[in-house]
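The values are calculated or read from the model by the stated rules, or taken from the named source; none is laboratory data. As the structure is a computational prediction, the values presented were derived from the model and not from experiment. Because the Cβ atoms are built from the backbone with ideal geometry, glycine has one as well, and the counts that use them run over all protein chains shown. We work out accessible area using only protein heavy atoms, side chains counted, and drop any ligands, DNA or RNA first. Shrake-Rupley method; radii C 1.70, N 1.55, O 1.52, S 1.80 Å.
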Amino acid sequence: MRTGLKVLFVTLLLVGAMVFPAKITITWWINPWRIAPPGHPADKALTGEEYPKWISEEFMKLHPDVEVKYVLVTNQEYAQKLAAAIATKTQPDFFKGPVWDSRWAKSGLLEPIDDYLSQEDWNDFYDQCLKAGYINGKHYVWPWVYGTNGMGSTMLLYTPDFEKAGIDWRKIVNEGWTMEEFVEICKKLTWDSDGDGQVDHYALALGAKGDMVHNVLNFIYAFGGRLTNEDESEVILNSPEAVKGLQFVLDLIEKYGVAPKGAEALDIYGVISYFHTHKASIGFGGPYEIGRITRYVKEGRLAEAFYPVIAPFPHVEGKDPVAYARGSGFIVFKQNDPKKREMIFEFLKFMTNQQNIALLETLQYLTARKSVNQMLYKNDPYMNEQVKKYSQIMDRYGVEFFGSEEFPWSQMNSHFVAALEAVFAKTKTPQKALDDFVTEANKILKKTK
């Protein structure tokens, strides 16, 4: 009797398993980006959890046999948590984060995405985004975002000041400006606003810390400087071209007086404050920084909104301008279950289809899809025009400043900041500062080889 019951019980379990198969569980990590899902109240603050919760639930509605679990991981803890997870074989199935190492792909730890991209995807995703994960003939980063907050990519012009000074800002936006033209325009945008004989309004402000590094590097790259040689075996940022670019930045402060002294102490927020309070006519950044103006007004940190226009950085005569560009997206760890692998890529396709990838608009970031960027902000002609201009500049002139994923820039960054601080404080010449940086950077590079 007991044997018969056992057989019946086992049979019921097998039938149940066939009728109600176990769900496929997908886990993914994302940093807390404040992306608003459809229907989110405009006056309700975002925490960063709204988007991953919404997109996971929407996918599960389409695929009831799948359970999606997400984890928010801050930028500060991402690298450490990911390294610990890989070491203990508890990594997520895929992740979007600020860090990854292309050596993971070379060692077989990641899934290539090539077979899952449609022809439409290949045509629609920016080359720069696809290039971000191209390793040994295969692609490993599923494109999602194109560009950053715009630091080192484009400039922002406060047009009333340009008009006051009799400068045709539309010509700059449409045709660009040479370094020589830039200097002359900056002189016209620098003045004494209260008549006390002291300059208190500048063309722009400069800084040595944080994301301001990107903006200084833009000038260095525009003059022909580069961080490394072709195969990244040597740091060469003390070349004559690099020194000339950094000297030009210093001259904006010391020789031409079009930027305030004290740049060694300024980070991005200090520089932005000059632009936000109209003590400088030129700011740095792209659509994200324009969005910051609106956010600051809502938070009571700015009295009123204003509407700058996006323009390219100045260029050396006869050369193209430069725009810091970097594509990023989702990275999939190796999967043993082919059904689960298929479903993970189905989820990535869902997140990055034209409708869902367009939600990046709420973050003021560009998407990795050319077609979608042309359609953003259709109800806001001003922002639509700025996004198109930003996208155009990035697509034409985009350059990666900091090397490949395995290049140890994060370990070198503090040394470069110290070099900029020394230059702006005039304790070192641009040549000496860059020489010292290169010495330290190559020590770091040698240790990582």
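What the table shows:
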{"read-out": "Separation in nanometres of the label points that stand 7 Å from Cα toward Cβ, at Q198 and A79", "value": "4.1"}
{"read-out": "Highest average packing first - 384-391, 109-116, Cβ atoms within 10 Å", "value": "384-391, 109-116"}
{"read-out": "Amide hydrogen neighbours beyond the local backbone of R369, cut-off 5 Å, H modeled", "value": "none"}
{"read-out": "Point-to-point label distance, W122-D337, nm (Cα→Cβ direction, 7 Å offset)", "value": "3.1"}
{"read-out": "Acute angle (nearest 10 degrees) that the helix 2-19 long axis makes with the longest principal axis of the chain, alpha-carbon atoms", "value": "40"}
{"read-out": "Global size of segment 58-116 as Cα Rg and Dmax, reported in angstrom", "value": "13.6, 36"}
{"read-out": "Cα centroid separation - segment 164-188 against segment 360-409, whole Å", "value": "23"}
{"read-out": "0 to 90° range, to nearest 10: angle between helix 409-424 axis and the chain longest Cα axis", "value": "10"}
{"read-out": "Total charge dipole magnitude, segment 343-449, about the Cα centre, Cβ charges on Lys, Arg, Asp, Glu only, Debye to nearest 20", "value": "220"}
{"read-out": "Using θ = phi - 60° and Karplus 6.51 cos²θ - 1.76 cosθ + 1.60, couplings along segment 229-235 (whole Hz; Gly, Pro as x)", "value": "6, 4, 9, 6, 8, 8, 7"}
{"read-out": "From phi via Karplus (6.51, -1.76, 1.60), per-residue ³J(HN,Hα) for segment 110-122 in Hz, x at Gly/Pro", "value": "10, 8, x, 9, 3, 6, 9, 7, 7, 4, 4, 4, 4"}
{"read-out": "Gap separating the Cα centres of segment 259-331 and segment 42-94, nearest whole Å", "value": "30"}
{"read-out": "Loop-located trypsin sites (Lys or Arg not before Pro) in segment 34-116, at most 12 other Cβ atoms within 10 Å (DSSP)", "value": "K44, K89"}
{"read-out": "Computed magnitude of the charge dipole of segment 256-387 (debye, nearest 20; Cβ of K, R +1, Cβ of D, E -1)", "value": "420"}
{"read-out": "Estimated dipole of the chain in Debye, rounded to 20 [Cβ of Lys and Arg +1, of Asp and Glu -1, Cα centre]", "value": "1460"}
{"read-out": "GNM flexibility winner over the chain from G283, G327, G166 (Cα, springs under 10 Å)", "value": "G166"}
{"read-out": "Given charges at Cβ of Lys, Arg, Asp, Glu: the chain dipole, positive-most of L360, I344, G176", "value": "I344"}
{"read-out": "Candidate aspartates and glutamates - alpha carbon under 17 Å from K449, same-chain residues fewer than 8 apart omitted", "value": "D101, E230, D231, E232, E234, E405, E406, E440"}
{"read-out": "Relative pair counts by distance (%), Cα atoms of the chain, 20 Å bins", "value": "23, 52, 20, 4, 1, 0"}
{"read-out": "Per residue value of the accessible surface for the chain (all protein chains in place, 1.4 Å probe), Å²", "value": "47"}
{"read-out": "Radius of gyration and maximum dimension Dmax of segment 101-145, Cα, Å", "value": "10.3, 30"}
{"read-out": "Positive-end residue, segment 353-437 charge dipole about Cα centroid, Cβ charges, pick of S414, M375, F402", "value": "M375"}
{"read-out": "For the chain, with +1 on Lys and Arg beta carbons and -1 on Asp and Glu, the positive-most of P312, Q431, Q80 along the dipole", "value": "Q80"}
{"read-out": "Principal-axis tilt of helix 75-87 within the chain, Cα atoms, nearest 10 degrees", "value": "40"}
{"read-out": "Qualifying trypsin sites (Lys or Arg not before Pro) for segment 284-367 [loop in DSSP, other Cβ within 10 Å: at most 16]", "value": "R301, K319, K334"}
{"read-out": "222 nm mean residue ellipticity, helices alone, for the chain (DSSP H n ≥ 4; -39,500 (n - 2.57); rounded to 500)", "value": "-13500 deg cm²/dmol"}
